[in-house]
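The values are calculated or read from the model by the stated rules, or taken from the named source; none is laboratory data. None of these values were measured; they are calculated from a predicted model. Cβ: placed from backbone, ideal geometry, glycine included. Neighbour counts: every protein chain shown. What goes into the accessible areas is simple: the full protein's heavy atoms, side chains included, and nothing from ligands, DNA or RNA. Shrake-Rupley method; radii C 1.70, N 1.55, O 1.52, S 1.80 Å.
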Amino acid sequence: MQVLRDNLSAANVFFTMGSLRIEGESPMFVAELNTRPQSCYGKPDGAISIKIGGGFPPYRYEWSNGSTAPSLYGLQPGKYKVTVYDGAACPLTTDSIQVPGPPELVLHSHNIHQIRCPGFNDGAISFKVSGGAPPYRYEWSNGAITPWIGQLSEGIYGVTVSDLHGCQKEETFTIEARQDIFLNYSIKPATGPFTNDGEVILRDLIGSPGPQTYEWNSGLKSTQLTRATVGSYEVNIRDAEGCAYKFSFEIPSSSLPEKLSALLEKDLFQEEEFAPVKIESPEDQTLHFKVYDDRSRLISQQVIEVAGGTTVQYFQTPTSPGSYLIQILPRGGNICSLRFRVK
(Lines give C-alpha, C1' and ligand atoms only; values in the text may rest on other atoms or scores of the structure.)
Protein backbone atom coordinates (compact mmCIF):
# COMPACT_ATOMS: atom_id res chain seq x y z
CA MET A 1 0.00 0.00 0.00
CA GLN A 2 1.31 3.39 -0.88
CA VAL A 3 0.38 6.34 1.26
CA LEU A 4 0.77 9.91 -0.04
CA ARG A 5 1.79 12.64 2.33
CA ASP A 6 0.33 16.17 2.18
CA ASN A 7 3.16 17.16 -0.17
CA LEU A 8 2.30 14.15 -2.37
CA SER A 9 5.57 12.37 -1.58
CA ALA A 10 5.18 8.64 -1.31
CA ALA A 11 5.68 6.61 1.85
CA ASN A 12 5.60 2.80 1.83
CA VAL A 13 3.71 1.04 4.59
CA PHE A 14 4.15 -2.72 5.08
CA PHE A 15 2.10 -4.92 7.30
CA THR A 16 1.63 -8.65 7.42
CA MET A 17 -1.51 -9.01 9.44
CA GLY A 18 -4.36 -6.97 10.91
CA SER A 19 -6.22 -4.13 9.16
CA LEU A 20 -5.77 -0.48 8.26
CA ARG A 21 -8.62 2.08 8.58
CA ILE A 22 -8.25 5.52 7.08
CA GLU A 23 -10.68 8.10 8.61
CA GLY A 24 -11.71 11.28 6.83
CA GLU A 25 -13.29 14.52 8.14
CA SER A 26 -17.11 14.44 8.67
CA PRO A 27 -18.91 17.60 7.49
CA MET A 28 -20.14 20.20 10.01
CA PHE A 29 -23.86 20.34 10.69
CA VAL A 30 -26.31 22.23 12.91
CA ALA A 31 -26.99 19.89 15.78
CA GLU A 32 -29.40 22.18 17.63
CA LEU A 33 -31.01 25.57 16.92
CA ASN A 34 -33.24 27.49 19.31
CA THR A 35 -34.77 30.96 18.96
CA ARG A 36 -36.56 33.08 21.55
CA PRO A 37 -38.99 35.67 20.14
CA GLN A 38 -39.14 39.28 21.31
CA SER A 39 -41.48 39.43 24.31
CA CYS A 40 -42.85 42.97 23.76
CA TYR A 41 -42.65 45.38 20.86
CA GLY A 42 -39.53 47.53 21.11
CA LYS A 43 -37.95 45.42 23.85
CA PRO A 44 -34.60 43.93 22.73
CA ASP A 45 -34.85 40.49 24.35
CA GLY A 46 -34.94 38.08 21.40
CA ALA A 47 -32.25 35.33 21.36
CA ILE A 48 -30.66 32.64 19.17
CA SER A 49 -28.61 29.68 20.39
CA ILE A 50 -26.91 27.18 18.06
CA LYS A 51 -24.90 24.00 18.53
CA ILE A 52 -22.62 22.60 15.82
CA GLY A 53 -21.53 19.02 15.23
CA GLY A 54 -18.93 17.50 12.93
CA GLY A 55 -15.81 19.10 11.57
CA PHE A 56 -12.85 19.72 13.81
CA PRO A 57 -13.63 21.74 16.95
CA PRO A 58 -13.11 24.36 18.26
CA TYR A 59 -15.53 26.42 16.21
CA ARG A 60 -15.40 30.08 15.33
CA TYR A 61 -18.62 32.07 14.75
CA GLU A 62 -19.25 35.08 12.54
CA TRP A 63 -22.81 36.46 12.78
CA SER A 64 -24.42 38.90 10.37
CA ASN A 65 -24.72 41.49 13.17
CA GLY A 66 -20.97 41.31 13.87
CA SER A 67 -21.09 39.08 16.94
CA THR A 68 -18.60 36.19 17.35
CA ALA A 69 -20.39 34.46 20.24
CA PRO A 70 -22.03 31.05 19.80
CA SER A 71 -25.36 32.51 21.02
CA LEU A 72 -27.01 35.89 20.52
CA TYR A 73 -29.06 37.77 23.12
CA GLY A 74 -30.78 41.15 23.29
CA LEU A 75 -32.08 40.93 19.73
CA GLN A 76 -34.73 42.93 17.95
CA PRO A 77 -37.01 41.03 15.53
CA GLY A 78 -35.36 40.26 12.20
CA LYS A 79 -33.31 37.79 10.19
CA TYR A 80 -29.82 36.70 11.24
CA LYS A 81 -27.17 34.48 9.61
CA VAL A 82 -24.06 32.82 10.98
CA THR A 83 -20.98 31.33 9.36
CA VAL A 84 -19.16 28.77 11.48
CA TYR A 85 -15.51 27.81 10.89
CA ASP A 86 -13.94 24.70 12.41
CA GLY A 87 -10.31 24.07 13.27
CA ALA A 88 -9.52 23.28 9.66
CA ALA A 89 -11.11 26.61 8.57
CA CYS A 90 -13.93 24.80 6.81
CA PRO A 91 -17.05 27.04 6.72
CA LEU A 92 -20.69 26.29 7.38
CA THR A 93 -23.22 29.07 6.63
CA THR A 94 -26.76 28.76 7.89
CA ASP A 95 -29.91 29.92 6.19
CA SER A 96 -31.56 33.07 7.61
CA ILE A 97 -32.71 32.54 11.19
CA GLN A 98 -35.88 34.49 11.96
CA VAL A 99 -36.41 36.11 15.37
CA PRO A 100 -40.13 36.91 15.51
CA GLY A 101 -41.74 39.75 17.44
CA PRO A 102 -45.29 40.72 18.41
CA PRO A 103 -47.15 43.59 16.69
CA GLU A 104 -46.94 46.96 18.41
CA LEU A 105 -49.54 47.73 21.03
CA VAL A 106 -51.37 50.78 19.64
CA LEU A 107 -54.05 53.06 21.05
CA HIS A 108 -56.09 54.63 18.27
CA SER A 109 -59.50 56.04 17.34
CA HIS A 110 -59.28 58.49 20.23
CA ASN A 111 -62.54 60.21 21.12
CA ILE A 112 -62.27 63.05 23.64
CA HIS A 113 -65.45 64.79 24.70
CA GLN A 114 -64.53 68.11 26.26
CA ILE A 115 -66.52 69.78 29.03
CA ARG A 116 -69.65 71.27 27.53
CA CYS A 117 -70.34 74.12 29.95
CA PRO A 118 -68.32 75.95 32.61
CA GLY A 119 -68.51 74.15 35.95
CA PHE A 120 -69.67 70.88 34.41
CA ASN A 121 -67.90 67.52 34.81
CA ASP A 122 -69.20 65.83 31.68
CA GLY A 123 -65.88 65.21 29.93
CA ALA A 124 -65.24 61.73 28.53
CA ILE A 125 -62.42 59.73 26.91
CA SER A 126 -62.54 56.56 24.83
CA PHE A 127 -60.20 54.76 22.43
CA LYS A 128 -59.55 51.42 20.74
CA VAL A 129 -56.55 49.09 21.10
CA SER A 130 -54.84 46.86 18.54
CA GLY A 131 -51.62 44.84 18.43
CA GLY A 132 -49.98 42.98 21.27
CA ALA A 133 -51.81 39.94 22.55
CA PRO A 134 -55.42 40.37 23.72
CA PRO A 135 -57.14 40.48 26.15
CA TYR A 136 -56.13 43.91 27.37
CA ARG A 137 -56.11 45.39 30.87
CA TYR A 138 -56.67 49.10 31.56
CA GLU A 139 -55.40 51.16 34.48
CA TRP A 140 -56.31 54.86 34.61
CA SER A 141 -54.73 57.51 36.81
CA ASN A 142 -58.13 58.09 38.42
CA GLY A 143 -58.52 54.38 39.29
CA ALA A 144 -60.82 53.38 36.41
CA ILE A 145 -60.20 50.02 34.69
CA THR A 146 -62.29 50.37 31.52
CA PRO A 147 -61.36 51.58 28.01
CA TRP A 148 -63.93 54.38 28.38
CA ILE A 149 -64.21 56.88 31.25
CA GLY A 150 -66.73 59.65 31.75
CA GLN A 151 -68.00 62.30 34.18
CA LEU A 152 -64.61 63.97 34.02
CA SER A 153 -63.68 67.41 35.23
CA GLU A 154 -60.81 69.50 33.94
CA GLY A 155 -57.42 67.75 34.16
CA ILE A 156 -54.87 65.36 32.67
CA TYR A 157 -55.72 61.65 32.65
CA GLY A 158 -53.17 58.89 32.03
CA VAL A 159 -53.87 55.28 31.08
CA THR A 160 -51.66 52.18 30.98
CA VAL A 161 -52.82 49.35 28.71
CA SER A 162 -51.34 45.89 29.31
CA ASP A 163 -51.75 42.84 27.08
CA LEU A 164 -51.75 39.11 27.86
CA HIS A 165 -47.95 38.99 28.12
CA GLY A 166 -47.63 42.09 30.29
CA CYS A 167 -46.55 44.36 27.44
CA GLN A 168 -47.63 47.93 28.14
CA LYS A 169 -48.52 51.13 26.35
CA GLU A 170 -49.00 54.45 28.15
CA GLU A 171 -50.81 57.56 26.96
CA THR A 172 -52.20 60.76 28.44
CA PHE A 173 -55.29 62.77 27.55
CA THR A 174 -56.31 66.30 28.49
CA ILE A 175 -59.81 67.39 29.42
CA GLU A 176 -59.99 71.16 29.10
CA ALA A 177 -62.28 73.46 31.00
CA ARG A 178 -64.72 75.44 28.95
CA GLN A 179 -63.14 78.83 28.44
CA ASP A 180 -64.42 81.74 30.45
CA ILE A 181 -67.29 83.76 29.08
CA PHE A 182 -66.97 87.53 28.68
CA LEU A 183 -69.88 89.91 28.16
CA ASN A 184 -69.56 93.30 26.50
CA TYR A 185 -72.28 95.59 27.81
CA SER A 186 -73.27 99.17 28.51
CA ILE A 187 -75.16 100.68 31.45
CA LYS A 188 -76.88 104.04 31.15
CA PRO A 189 -77.74 105.45 34.59
CA ALA A 190 -81.15 106.74 35.49
CA THR A 191 -81.29 110.52 35.65
CA GLY A 192 -82.79 110.44 39.12
CA PRO A 193 -83.58 108.04 41.97
CA PHE A 194 -87.21 107.73 40.92
CA THR A 195 -87.00 108.04 37.14
CA ASN A 196 -87.30 105.02 34.84
CA ASP A 197 -84.91 105.99 32.08
CA GLY A 198 -82.00 103.71 32.97
CA GLU A 199 -80.81 101.12 30.43
CA VAL A 200 -78.67 97.98 30.16
CA ILE A 201 -77.51 97.00 26.66
CA LEU A 202 -75.95 93.55 26.11
CA ARG A 203 -73.67 93.68 23.08
CA ASP A 204 -71.97 90.30 22.61
CA LEU A 205 -71.03 87.19 24.58
CA ILE A 206 -67.41 86.20 23.90
CA GLY A 207 -66.58 82.48 23.99
CA SER A 208 -70.15 81.23 23.68
CA PRO A 209 -71.62 79.68 20.49
CA GLY A 210 -74.64 81.50 19.17
CA PRO A 211 -77.42 82.11 18.86
CA GLN A 212 -78.12 82.98 22.48
CA THR A 213 -81.41 83.55 24.26
CA TYR A 214 -81.85 86.20 26.96
CA GLU A 215 -84.29 86.43 29.84
CA TRP A 216 -84.27 89.11 32.54
CA ASN A 217 -85.57 88.57 36.06
CA SER A 218 -88.54 90.71 35.07
CA GLY A 219 -89.41 88.17 32.37
CA LEU A 220 -88.25 90.40 29.48
CA LYS A 221 -86.58 88.42 26.69
CA SER A 222 -84.26 90.89 24.99
CA THR A 223 -80.67 92.05 24.78
CA GLN A 224 -81.78 95.46 26.01
CA LEU A 225 -83.34 96.39 29.32
CA THR A 226 -84.96 99.82 28.92
CA ARG A 227 -87.10 102.14 31.04
CA ALA A 228 -85.43 100.79 34.16
CA THR A 229 -85.32 102.47 37.53
CA VAL A 230 -82.36 102.55 39.91
CA GLY A 231 -81.67 99.04 41.23
CA SER A 232 -80.19 95.59 40.64
CA TYR A 233 -81.05 93.42 37.65
CA GLU A 234 -80.15 89.91 36.50
CA VAL A 235 -80.19 88.29 33.09
CA ASN A 236 -79.97 84.59 32.22
CA ILE A 237 -78.27 83.81 28.92
CA ARG A 238 -78.43 80.39 27.29
CA ASP A 239 -76.20 79.57 24.30
CA ALA A 240 -76.62 77.19 21.37
CA GLU A 241 -75.16 74.28 23.37
CA GLY A 242 -77.58 74.76 26.24
CA CYS A 243 -75.07 76.31 28.62
CA ALA A 244 -76.58 78.90 30.95
CA TYR A 245 -74.90 82.01 32.33
CA LYS A 246 -76.15 84.58 34.81
CA PHE A 247 -75.01 88.21 34.94
CA SER A 248 -75.94 90.92 37.40
CA PHE A 249 -76.05 94.68 36.83
CA GLU A 250 -76.58 97.75 38.92
CA ILE A 251 -78.28 100.81 37.44
CA PRO A 252 -77.16 103.89 39.37
CA SER A 253 -78.68 107.29 39.70
CA SER A 254 -76.20 109.83 38.48
CA SER A 255 -75.47 112.34 35.81
CA LEU A 256 -73.45 111.42 32.75
CA PRO A 257 -69.70 112.19 32.71
CA GLU A 258 -68.57 115.41 31.09
CA LYS A 259 -65.97 113.77 28.88
CA LEU A 260 -64.87 110.36 27.62
CA SER A 261 -62.67 108.35 30.01
CA ALA A 262 -61.39 104.77 30.17
CA LEU A 263 -59.85 102.53 32.83
CA LEU A 264 -57.96 99.21 32.93
CA GLU A 265 -58.32 97.28 36.19
CA LYS A 266 -54.62 96.36 36.01
CA ASP A 267 -51.65 97.01 33.73
CA LEU A 268 -49.97 93.56 33.60
CA PHE A 269 -51.53 90.67 31.69
CA GLN A 270 -50.77 87.22 30.35
CA GLU A 271 -50.48 86.54 26.62
CA GLU A 272 -53.87 86.21 24.86
CA GLU A 273 -55.78 87.10 28.01
CA PHE A 274 -59.23 88.66 27.77
CA ALA A 275 -59.04 91.99 29.56
CA PRO A 276 -61.90 94.43 30.31
CA VAL A 277 -61.74 98.14 29.62
CA LYS A 278 -64.27 100.28 31.51
CA ILE A 279 -65.34 103.23 29.37
CA GLU A 280 -67.30 106.19 30.69
CA SER A 281 -68.98 108.16 27.91
CA PRO A 282 -71.02 111.38 28.05
CA GLU A 283 -73.28 110.13 25.24
CA ASP A 284 -74.15 107.27 22.93
CA GLN A 285 -71.40 107.15 20.34
CA THR A 286 -69.19 105.07 18.05
CA LEU A 287 -65.54 104.68 19.08
CA HIS A 288 -62.41 103.35 17.43
CA PHE A 289 -60.54 100.97 19.74
CA LYS A 290 -56.88 100.54 18.67
CA VAL A 291 -53.90 98.69 20.16
CA TYR A 292 -50.28 99.62 19.33
CA ASP A 293 -46.96 98.01 20.25
CA ASP A 294 -43.96 99.87 21.71
CA ARG A 295 -42.84 100.78 18.17
CA SER A 296 -46.16 102.51 17.45
CA ARG A 297 -47.21 99.73 15.08
CA LEU A 298 -50.94 99.04 14.93
CA ILE A 299 -51.61 95.55 16.35
CA SER A 300 -55.41 95.45 16.26
CA GLN A 301 -58.40 97.69 15.89
CA GLN A 302 -62.17 97.52 16.09
CA VAL A 303 -65.17 99.80 16.02
CA ILE A 304 -67.36 99.67 19.14
CA GLU A 305 -70.65 101.18 20.18
CA VAL A 306 -71.00 102.67 23.65
CA ALA A 307 -73.94 104.13 25.49
CA GLY A 308 -73.97 107.29 27.53
CA GLY A 309 -72.76 105.98 30.88
CA THR A 310 -70.61 102.92 31.59
CA THR A 311 -69.52 100.39 28.95
CA VAL A 312 -67.38 97.31 29.64
CA GLN A 313 -65.48 96.23 26.52
CA TYR A 314 -63.23 93.15 26.46
CA PHE A 315 -60.21 92.78 24.22
CA GLN A 316 -57.61 90.02 23.83
CA THR A 317 -54.04 90.90 24.73
CA PRO A 318 -51.28 90.31 22.14
CA THR A 319 -49.40 87.03 21.81
CA SER A 320 -45.94 88.48 22.51
CA PRO A 321 -44.54 89.93 25.74
CA GLY A 322 -43.91 93.66 25.72
CA SER A 323 -45.39 97.10 26.32
CA TYR A 324 -48.55 98.21 24.49
CA LEU A 325 -50.77 101.26 24.10
CA ILE A 326 -54.57 101.41 23.78
CA GLN A 327 -56.14 104.42 22.15
CA ILE A 328 -59.89 105.00 22.22
CA LEU A 329 -60.87 107.60 19.65
CA PRO A 330 -64.29 109.28 19.47
CA ARG A 331 -65.50 111.18 16.42
CA GLY A 332 -64.75 114.34 18.28
CA GLY A 333 -63.40 115.32 21.65
CA ASN A 334 -60.64 113.86 23.76
CA ILE A 335 -58.71 110.65 22.98
CA CYS A 336 -58.25 108.14 25.81
CA SER A 337 -54.88 106.41 26.08
CA LEU A 338 -54.08 103.42 28.29
CA ARG A 339 -50.79 101.55 28.67
CA PHE A 340 -50.31 97.93 29.69
CA ARG A 341 -47.72 95.19 29.58
CA VAL A 342 -47.83 91.54 28.58
CA LYS A 343 -45.50 89.17 30.40
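Within segment 113-150, restricting attention to residues that are of a type in the set (D, E, K, R) and farther than 17 Å from C40 by Cβ, the residue that is most open to solvent (accessible area, probe 1.4 Å) is K128.
Screening segment 151-162 for residues that are in a strand (DSSP E or B) and of a type outside the set (V, I, T) and picking the one that is most open to solvent (accessible area, probe 1.4 Å) gives Q151. I'm checking my understanding of the structure. Among residues of segment 272-301 that are of a type in the set (F, W, Y) and out of contact with any Asp or Glu (no Cβ under 9 Å at 6 or more places or on another chain), which one is nearest to S186 (Cα to Cα)? So, considering only residues that are of a type in the set (F, W, Y) and out of contact with any Asp or Glu (no Cβ under 9 Å at 6 or more places or on another chain), the one nearest to S186 (Cα to Cα) is F289. Filtered by the rule that a residue be closer than 16 Å to N184 by Cβ, open to solvent by less than 70 Å² (accessible area, probe 1.4 Å) and not polar (S, T, N, Q), segment 214-269 gives Y214, L225, V235, I237, D239, Y245, F247, F249, A262, L264. Here the condition is being touching a Pro at 6+ places or on another chain (Cβ under 6 Å), of a type outside the set (S, T, N, Q) and free of Cβ contacts under 8 Å to residues at least 60 places away in the same chain; of V200, V230, V235, V161, it holds for V230 alone. In segment 245-324, counting only strands (runs of 3 or more DSSP E) that sit wholly within it, the ones holding 3 or more residues that are hydrophobic (A, V, I, L, M, F, W, C) span 261-264, 274-281, 285-293, 298-306. Screening segment 37-93 for residues that are hydroxyl-bearing (S, T, Y) and modelled with pLDDT under 95 and picking the one that is surrounded by the most Cβ atoms within 10 Å (Cβ to Cβ) gives Y41. Looking only at segment 168-213, filter to residues that are open to solvent by less than 30 Å² (accessible area, probe 1.4 Å) and of a type in the set (G, A, S); which one of those is farthest from the chain's Cα centre (by Cα)? Result: G192.
Based on what the data block shows, is S109 out of contact with any Gly (no Cβ under 8 Å at 6 or more places or on another chain) and of a type in the set (G, A, S)? Spelling it out, S109 is indeed out of contact with any Gly (no Cβ under 8 Å at 6 or more places or on another chain) and of a type in the set (G, A, S). Looking for something more than 30 Å from P211 (Cβ to Cβ), open to solvent by 70 Å² or more (accessible area, probe 1.4 Å) and not charged (D, E, K, R) - is there at least one such residue anywhere in segment 309-326? Scanning segment 309-326 turns up at least one residue that is more than 30 Å from P211 (Cβ to Cβ), open to solvent by 70 Å² or more (accessible area, probe 1.4 Å) and not charged (D, E, K, R).
Here is a list: G192, G242. Which entry is among the small types (G, A, S) and under 26 Å from R116 (Cα atoms)? Walk me through it before giving the result.
Working: G192 fails: under 26 Å from R116 (Cα atoms).
Unique residue meeting the criteria: G242.
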